[in-house]
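Only one structure is covered here, and it is reproduced in the block below.
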Amino acid sequence: MSASAVLEVKGLDVAYGELQVVFGVDLVVHDRELVGLVGGNGSGKSTILRVVSGMLRPRGGEILLRGQEIGGKTPHALAALGVAHVPMGRQLFPAMTVEENLQLGATLGRVRHREKENLDKVFRFFPRLLERRRADAGTLSGGEQQMVAIGRALMTEPTLLLMDEPSLGLSPLVVKEVMKVIASLRELGLAVLLVEQNVRQVLKITDRTYVLEEGRLVTSGESRLLLDDPLVKRAYLGV
């Protein structure tokens with residue numbers, strides 16, 4: 001295992017029944033690193049995230065969290081180990097307040113006694129949520145709801161944060177705002193794996209990016225260099 005690797009995926013195969021959708025994928029996320037995983041619809045990127053967070057079982061390969069094999073563990077067991085998943089579509093409870101939604105992230109045994117401390121940290125990181133703490137989550141803007149979803153994950157004190165399509169359904173202006181927030185997560189010392197269709201925005205904020213097509217890794221590298229990669233420009237940036 002790499003010395004500072006938080007997550008290592010080696011030769012990952014994933015199938016839905018007999019239909020294989022991910023083929024031999026390798027990727028790594030290091031301490032304090034923001035890594036993108038991009039591709040078109042059906043490329044397998046969200047599937048990989050669901051396997052890493054325990055929602056799906058892999059068909060083959062290894063998934064290591066700080067050197068410990070975690071493939072096939074339950075989502076609850078992985079949350080206890082420090083893996084947090086911010087789901088596609090945010091999946092908040094709209095009739096509950098912002099604060100109540102955040103408190104749902106404090107139900108893990110290892111963090112329950114630090115609920116107030118972690119809530120204060122989230123409010124320092126997202127001052128807008130402090131202002132709206134008593135508001136029902138359903139009354140928030142899309143960008144604010146995404147902050148709540150991220151904040152709920154931060155309440156679990158994760159070491160690895162998995163983010164699935166955070167820009168989904170948001171206006172271009174709000175997408176830029178949310179991407180700035182994601183970029184600033186490095187300040188919290190987290191390792192982040194970001195799954196997104198908005199390739200241009202991902203390449204602007206991440207350290208490295210992996211590109212998937214039809215379940216296979218087609219290229220990877222430093223994000224700033226991939227911005228000028230002919231394959232990436234042609235396929236994803238409309239250049």
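The values are calculated or read from the model by the stated rules, or taken from the named source; none is laboratory data. Bear in mind the structure is a predicted one, so any value in this text is a computation, not a measurement. Every residue, glycine as well, gets a Cβ built from its backbone with ideal geometry; the counts of neighbours run over all protein chains shown.
Each residue in the stretch 23-76 was checked for being out of contact with any Lys or Arg (no Cβ under 8 Å at 6 or more places or on another chain) and among the acidic types (Asp, Glu), and 2 of them qualify. At least 1 residues being over 17 Å from the mean Cα position of the chain (by Cα) and among the β-branched types (Val, Ile, Thr) is the threshold, and among the strands (runs of 3 or more DSSP E) wholly inside the stretch 1-114 those reaching it are 5-16, 19-30. Looking across the stretch 185-196 at every residue that is surrounded by fewer than 23 Cβ atoms within 10 Å (Cβ to Cβ) and in contact (Cβ under 8 Å) with a residue 40 or more places away in the chain, the one that is nearest to LEU160 (Cα to Cα) is identified as LEU190.
Within the stretch 18-37, identify whether any single residue is in contact (Cβ under 8 Å) with a residue 12 or more places away in the chain, of a type in the set (D, E, K, R), buried (at least 21 other Cβ atoms within 10 Å of the Cβ) and closer than 25 Å to VAL148 by Cβ, and answer yes or no. No - not one qualifying residue is present in the stretch 18-37.
Hey, GLU187 hits all of (1) within 21 Å of GLY82 (Cα to Cα); (2) more than 15 Å from the chain's Cα centre (by Cα); (3) assigned to a loop (DSSP other than H, G, I, E, B) but one; which does it fall short on? Failed condition: (3). Of the numbered conditions (1) surrounded by 15 or more Cβ atoms within 10 Å (Cβ to Cβ); (2) among the aliphatic types (A, V, I, L, M); (3) in the same structural domain as TYR236 (by TED's automatic domain parsing); (4) at pLDDT below 95, MET147 fails exactly one; give the number of that condition. Just one mismatch for MET147, condition (3).
Within the stretch 190-239, being in a helix (DSSP H, G or I), over 16 Å from the mean Cα position of the chain (by Cα), among the hydrophobic types (A, V, I, L, M, F, W, C) and modelled with pLDDT of 90 or more holds for LEU225, LEU226.
If you check every pair at least six apart or on different chains, which have Cβ atoms under 6 Å apart with a residue in the stretch 223-235 that is closer than 12 Å to VAL199 by Cα first and a residue that is part of a loop (DSSP other than H, G, I, E, B) second? That search, which allows pairs on different chains as well, returns SER223/THR206; LYS233/VAL239.
Does the stretch 119-135 contain at least one residue that is more than 20 Å from the chain's Cα centre (by Cα), modelled with pLDDT of 95 or more and of a type in the set (Gly, Ala, Ser)? There is at least one residue in the stretch 119-135 that is more than 20 Å from the chain's Cα centre (by Cα), modelled with pLDDT of 95 or more and of a type in the set (Gly, Ala, Ser). Among residues that are among the β-branched types (Val, Ile, Thr), surrounded by fewer than 17 Cβ atoms within 10 Å (Cβ to Cβ) and over 30 Å from PHE123 (Cβ atoms), VAL199 is not included. Checked against (1) surrounded by 15 or more Cβ atoms within 10 Å (Cβ to Cβ); (2) modelled with pLDDT under 95; (3) of a type outside the set (A, V, I, L, M), SER2 passes all but a single condition, namely (1).
When the stretch 94-141 is filtered for residues that are crowded, with 16+ Cβ neighbours inside 10 Å and either small (Gly, Ala, Ser) or in contact (Cβ under 8 Å) with a residue 60 or more places away in the chain (or both), the ones remaining, listed by number, are GLY105, ALA106, PHE125, ALA137.
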